[in-house]
Amino acid sequence: MSFKAVLLVLFASVAAIPAFADDHCTVPLTDWQPREVLQRKLESEGLTVEAIRSHDGCYGVVVRDAQGRAAKIRFDPATLERVDGDHGERRHHDGRNDDD
């Protein structure tokens, strides 16, 4: 294989990497709401917030419900709505989803 062909293949594979990126939360940092607003929202829903972190452009939150079950939930940082899909579903630490 020629040097040009190798470069072409290398460039094509590197250019394809962004296609695999998680695009659930693509909000500019300047548009993010404060963590405290999300915490108050969740507490008003009867959840206890254990941690709020930035994760892949979203807020990743660990909460406990009234029965003490822990769950990880991903939120859009601008709207504070739950993010749909594999990363946004409410997953309990025992492996169950809300639908289980």
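The values are calculated or read from the model by the stated rules, or taken from the named source; none is laboratory data. The model shown is predicted, which means the values in this text are computed figures rather than measured ones. Positions of Cβ are backbone-derived with ideal geometry, glycine not excepted, and every protein chain shown enters the neighbour counts.
Name the residue that is surrounded by the fewest Cβ atoms within 10 Å (Cβ to Cβ), counting only residues in region 75-96 that are within 8 Å of the chain's Cα centre (by Cα) and at pLDDT below 95. Among residues in region 75-96 that are within 8 Å of the chain's Cα centre (by Cα) and at pLDDT below 95, the one surrounded by the fewest Cβ atoms within 10 Å (Cβ to Cβ) is His87. Each residue in region 59-72 was checked for being over 20 Å from Asp84 (Cβ atoms) and of a type in the set (Gly, Ala, Ser), and 3 pass. Restricting the first member to region 58-79 and to residues that are farther than 23 Å from Leu29 by Cα, and the second to residues that are basic (Lys, Arg), the beta-carbon pairs closer than 6 Å and six or more apart or on different chains are Ala70/Arg64; Ala71/Arg90. Taking the criterion of being among the small types (Gly, Ala, Ser), loosely packed, with under 12 Cβ neighbours inside 10 Å and either at pLDDT 95 or above or within 13 Å of Leu80 (Cα to Cα) (or both), the residues of region 1-58 that qualify are Ser44, Gly46, Ala51.
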